[in-house]
């Protein structure tokens, strides 16, 4: 398996002003594998410490900070040499050791010649729970998400299909259209969690994929009680399990009343925040005016919640694997919400933090709006082949954007400033439009 994050890690390694790198992301997205594989490829040797698996590792940081003693202790504990420049030092599950988190600032200032990576799955939640401070400005940060569709194709060995997308060759995309649609259907079910993707690539069957997804979900739910008070756990569960039903509504706006009779925002808003801080949910807020900067026009109380991963969303909802065989049914699950989930993941992987637009009075709505340079671009997501988009037409008439994107199962098409981008090529939309 290969990840596009390797390029980012190489850039980090080559920086002259390199700081310790802190990788964040939900559990099971592949942080540990990424760090260890990068160490195997790029360094003479790697030393690995997990504060979850090795309680003695925390003792290394209990005394007054001394860089030489820290590295000697790591070497003794791992039976590996720790050398400047040629050794990658990995500190995993660092949220379980407060002193190790604070040591990153000290090591950056006093031992910059050593290459240090750290990872934490629930770092923000853990530090907030323990009222810890964070070494702001003293570490480089990176976020790791589930595999994108491009990475999924690479894992499946579909290098030829991936090359077609990377080259944004419209003619070849039309030739490969049905093959790409088939792979996209698989991706919507399997998702991008590495273990599930590897099971699918190894042809272990969709039942095994679903077992892995359910195991990951169970692990997340077990974490709910680790960093929260017991009284808050039922509310977190309620928010988490309600996501498929919330997205299945015609208006996907998150509604607290669906959590239970008499449920109110003030009772559940901290549970929503907790799940977002864990990286398990993504929030997309409403804007009634699409202007720069987009965040200045977001409305705090009107939002949609999407899951971390389309495969996990399907597992939460009990999506039947037979939907893969029934035409394009999988794209229409939850009234097309699974397709929106896919587009949101691709946007987030490109570094975008989109909002959604809804006209006052609810007369029109565009699924996503995102900043691109100095422009705000509307994005309409269609679950099938029907390309009618009245809300997008209303938006274009009101705001005359530089261009608009509609993404669907149909092949690439341009009509003036409206671009139809096939769903499987959505991550390459900017390149297609430039060409």
- request: Calculate the length of the line joining the C-alpha centroid of region 388-435 to that of region 361-380, in whole Å.
  value: 11 Å
field: Degrees between helix 31-42 axis and first principal axis of the chain (Cα, 0 to 90, nearest 10)
entry: 70 degrees
task: Could you work out how far helix 233-247 tilts from the main Cα principal axis of the chain, as a 0 to 90 degree angle to the nearest 10?
output: 30 degrees
- line: The residues 78, 295, sorted from fewest to most surrounding Cβ atoms within 10 Å, come out as 295, 78
task: In whole angstrom, note down how far apart the Cα centers of region 262-291 and region 13-85 are.
output: 34 Å
query: In terms of the Cα gyration tensor, with a ≥ b ≥ c the square roots of its eigenvalues, is region 5-143 rounded because a/c is under 1.5, prolate because a/b exceeds b/c, or oblate?
result: rounded
query: How far, in degrees from 0 to 90, does helix 177-190 lean away from the longest principal axis of the Cα atoms of the chain, to the nearest 10?
result: 50 degrees
field: Value at 222 nm in deg cm²/dmol, rounded to 500, when DSSP H runs of n ≥ 4 in the chain each add -39,500 (n - 2.57)
entry: -13500 deg cm²/dmol
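Each value in this text was obtained by applying a stated rule to the coordinates, not by laboratory testing. This is a predicted model, so every value here is computed, not measured. Positions of Cβ are generated from backbone atoms using ideal geometry, with glycine treated the same way; all protein chains shown enter the neighbour counts.
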